[in-house]
Structures are given as structure tokens and as C-alpha cells.
Amino acid sequence: MDPQLQELHTRIENIANQKQFEADQAAVQAVQMEMLAVLRNIRAAMVASEGGAMASVAASESHRKHVESLEQENARLKGENAKQRYRIDHLIKGMLELQGKLEEKE
């Protein structure tokens, strides 16, 4: 084959390869853009999910604190109730003693 013809053939082949590379590169770039859009959607969903999880954790923490305060109030009220019960029992005992003494006098 003639060297000039061989050189032209090589140049045409190189140009064809370059055009094919550009076409392949454009296809790869299109797929990458699609993947980027999917990844952005996934990231947005994760951020929203984390926000929901954080709200859930905060609500759980708030609920735990509320339960603790109710338990403390319950313990305090039990103590007050025990004191009141003692006082009532003491008053009833004193009233019964007085009533007995009054009945003895009659």
C-alpha cells in the first residue's frame, strides 16, 4: 500500500475513533447525570429521614423527662398521703377516746 494512502487511512481511523470516543463520552456523561439526580434524591430522603429520626429522638427524650417528673410527683404525693393518713388515724383515735370518756360520764 502507498505510504500516503496508509497515512490517510490511519488519519481517518483516528478521526473515527475520536468521534466514537466523543459519542461514548456523551453517553457516559448522560448516565452520570442520571445517577447524580438519583443520588441527590436519595440524599434528600436521608436528610428528611434523619430529621424525622431526630424529631423522634427528641420526642422520646421529652417523653422520658415527662415520665420522670411524673414519677417524682407521684413519690411526693405518696409521702403527703402517708402523712395525711397518719394524722387522720391519730384524730380518729383521739375522737374515739373522747367519745368513750363522754359515754363513761353519762
Check: Quick one, which of (i) -0.80; (ii) -0.68; (iii) -0.94 is the actual log10 I(q)/I(0) by the Debye sum over Cα atoms at q = 0.16 Å⁻¹ calculated for this model?
Finding: (iii)
Margin query: Run the numbers for LYS105 and GLN29: contour at 0.36 nm per residue of separation, minus the present Cα-Cα distance, in nm.
Written below: 16.2 nm
Item checked: Net charge dipole size for the chain [Lys, Arg +1 and Asp, Glu -1 on Cβ; Debye, nearest 20] -> 780
Note to self: Tell me the angle of helix 3-105 to the major Cα principal axis of the chain, expressed in degrees between 0 and 90 and rounded to the nearest ten.
What the structure shows: 0
Check: In nm, to one decimal, how far is the modelled label at HIS63 from the one at ALA16, with both set 7 Å along Cα→Cβ?
Finding: 7.0
Check: For LYS93, which lysines qualify as cross-link partners when the Cα separation must be under 22 Å and same-chain residues fewer than eight apart are set aside?
Finding: LYS83, LYS101, LYS105
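Values in this text are rule-based calculations from the coordinates and carry no lab data. Keep in mind the model is a prediction, meaning the values are calculated, not measured. Cβ: placed from backbone, ideal geometry, glycine included. Neighbour counts: every protein chain shown.
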